[in-house]
Amino acid sequence: MILLYNPPSSAQRKPILPCSLLALGALLEGRHDYAIVDANLLGLPALPGDTVELLDRRIRQTDAAILAVTVMPGPQLQDAVPVCTELKRRHPKLTIIWGGYFPSQHSQTVLKSDFVDYVLRGHSERAFVALLDALADGATKQQIREIRGVCDRDDAGQPQDGGMPALPKPAELPAWPHHRVNIADYLRPTFLGSRTIGHHSSYGCPFFCGFCAVVNMVNGAWVPDEADRVAATVRMLVEQHGANAIEFYDNNFFVSEKRVRHFAEQITDLNISWWGEGRIDTMWKFSDETWQAMADSGLRMVFLGAESGSDETLARMNKGGKQTVAQTLQMAEKMGHYGIVPEYSFVLGNPPNPEADVQSTMAFVRKVKEVNPDTEVILYMYTPVPLDGTLFEDAKQSGFAFPETLDGWVSDDWQNFAQRRSTGLPWLGYPVQQRLQDFERVLNAYHPTSTLTHLTPIRRKVLRAVSAWRYRSGFHRWPFELRALHKVLRYRRPETSGF
Ligand code: B12
Ligand code: SF4
């Protein structure tokens with residue numbers, strides 16, 4: 001028996017469909033005996049003590065020999081480290097395998113800890129099956145090492161890098177085994193609909209933005225599932241499970257206009273809402289017919305990397321050289337025309353001059369709001385990912401270095417870092433961070449967004465009236481009155497929202 005484990009990924013939300021584990025499970029069906037264990041269903045907060053007992057019980061009940069864990073940086077890592085340490089102590093023969101974004105980027109650091117036996121890097125469902133087959137067949141260490149993507153330790157205990165496996169093509173993979181989970185557990189109320197569920201329809205992204213963790217997972221490759229198959233899955237989720245809204249977690253759902261248009265046309269009759277992530281310069285080229293088809297099919301909001309209010313910074317971020325701030329403004333206007341909310345994400349505080357960067361982007365955000373006040377604005381602090389030849393080099397020159405052990409990664413400072421809330425980055429003084437938070441508070445009070453469906457028109461007017469002098473004068477500091485108002489009206493998006 002193989003247990004596929006999803007550590008707690010959010011302290012505040014209803015559980016999100018564990019897509020990573022469903023993608024792995026799809027290839028195990030009929031081949032290996034497995035079960036999905038999702039700590040997010042335990043009720044909150046699920047502490048490492050609770051999840052150890054949950055897994056310990058399941059291991060004993062099923063006589064499991066393998067525990068495969070999906071690990072994102074942040075809370076999942078914070079659970080996975082103590083939980084796997086303890087389970088290895090209790091079950092020394094249990095083989096522990098880690099995969100997902102964190103171990104893909106930091107495989108060597110993970111393997112310095114002896115409780116993880118194997119790390120699989122990248123989109124590794126095929127490599128995972130090959131490893132399980134090899135373990136079941138009693139393969140030698142050397143044979144296992146030949147499977148691309150599998151990282152382990154050599155005889156001297158030194159971590160070995162197995163490289164990235166070839167990117168599987170979703171169109172050639174079996175459908176996800178949705179029957180392995182109780183879909184009703186994952187239907188959540190969001191602004192999109194009362195029964196929202198997630199899906200994922202492509203791997204990778206053809207771009208190379210210098211701050212993005214996707215780049216070294218896929219190296220510029222983008223492989224989609226077919227529009228027909230994606231539409232059929234959505235139809236199944238709606239008709240069989242009562243979903244009325246879909247969130248697409250693809251890194252870049254909108255790469256192919258043809259695929260998007262075809263998909264949109266296929267789901268229009270379902271009368272649902274949907275959301276996905278895209279690029280401004282790509283979608284800018286979509287025809288009016290495609291925009292109309294997307295709007296008609298229920299596209300309510302698109303998460304777009306606006307990133308910065310300066311063309312120079314966009315170029316330094318390697319946004320592809322085609323996206324400009326002028327285009328960002330025009331896009332906000334265009335989307336307003338189609339009734340689709342732009343959800344603009346900005347990456348601020350970039351080295352080498354974070355102060356100026358924050359300042360210019362804050363000014364630009366105000367312009368965006370003038371063009372389309374419904375625009376959602378998400379402000380992230382620049383958080384380096386290990387990507388050579390990019391902003392990461394500037395970060396390293398400022399004295400930045402990743403922790404070299406898992407214990408380092410689970411410390412409070414690095415947890416904040418992983419969740420893009422760090423105040424301890426060498427190039428970033430705390431005042432910059434504070435200034436940004438104060439600005440966000442004023443901005444969201446003056447322009448409460450349309451996705452905050454609980455805010456009545458009267459409450460919106462109150463928020464605007466109270467914050468108007470700050471917004472107009474640009475004095476955002478010490479917004480105590482807005483902090484108090486937030487407690488009553490909950491007008492800000494949760495701190496951890498967005499991906
Ligand atoms: C949905 C999602 C979430 C959900 C939780 C999902 C869950 N598992 O419960 C929520 C909203 C809670 C979330 C939160 C966060 N997320 Co998130 N999230 C995503 C998102 C959009 C989709 C993940 C997904 O389901 N993908 C679909 C599956 C099929 O792909 P996959 O996960 O990559 O899995 C494949 C491989 O990685 C691998 N694999 C994965 N796990 C395993 C395990 C084993 C054993 C093996 C062999 C292989 C394997 O094989 C899979 C199949 O190919 C991704 C972006 C993306 N498109 O992937 C970001 C992403 C993973 N998140 C990210 C981040 C930063 C966060 C946060 C830290 C953000 C924050 N501000 O706090 C938080 C905290 C994370 C945590 N709580 O631990 C980053 C990670 C960046 C990085 N530096 O590594 C990503 C890449 C977004 C981005 N572009 O920056 N997230
Ligand atoms: S377009 Fe988005 S997903 Fe693609 S590399 Fe840039 S930030 Fe990453």
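The values are calculated or read from the model by the stated rules, or taken from the named source; none is laboratory data. Quick caveat: nothing in here was measured; it's all calculated off a predicted structure. Note: ideal-geometry Cβ built from the backbone for every residue, glycine included; neighbour counts use all protein chains shown. Heavy atoms of the whole protein, side chains included, go into the accessibility calculation; ligands, DNA and RNA do not. Shrake-Rupley method; radii C 1.70, N 1.55, O 1.52, S 1.80 Å.
Before moving on, here are some points about what is shown:
- Cα centroid separation - segment 1-74 against segment 100-156, whole Å: 19 Å
- q = 0.06, 0.10 Å⁻¹: log10 I(q)/I(0) that the Debye formula gives for the chain, counting C-alpha atoms only: -0.28, -0.81
- The chain - percent of accessible surface contributed by carbon and sulfur, probe 1.4 Å: 51 percent
- Computed 3J(HN,Hα) for segment 75-80, one whole-Hz value per residue from the Karplus formula 6.51 cos²θ - 1.76 cosθ + 1.60 where θ = phi - 60°, is x, 5, 5, 5, 7, 4, glycine and proline marked x.
- All-pairs alpha carbon distance profile, segment 2-160, 5 Å steps from 0, percent: 2, 9, 20, 24, 23, 15, 6, 2, 0
- Farthest toward the positive end of the dipole of segment 356-461, out of 402, 378, 391, is the Cα of 378, where the dipole comes from beta carbon charges about the Cα centre.
- Under the criterion of Cα pairs below 8 Å and six or more residues apart, the relative contact order for segment 170-489 equals 13 percent.
- Taking every DSSP beta bridge that has both ends in the chain, the antiparallel portion is near 20%.
- No disulfide-compatible partner, judged by a Cβ distance under 4.7 Å, exists for the following cysteines of the chain: 19, 84, 151, 205.
- Euclidean distance of C-alpha centroids, segment 394-412 and segment 226-270, integer Å: 39 Å
- FRET efficiency estimate (nearest 0.05) - Cβ-Cβ, residue 185 to residue 488, R0 41 angstrom: 0.85
- A Stokes-Einstein calculation at 10 °C with viscosity 1.306 mPa s, built on the Kirkwood radius of segment 78-133 over Cα pairs, returns a diffusion coefficient of 135 µm²/s.
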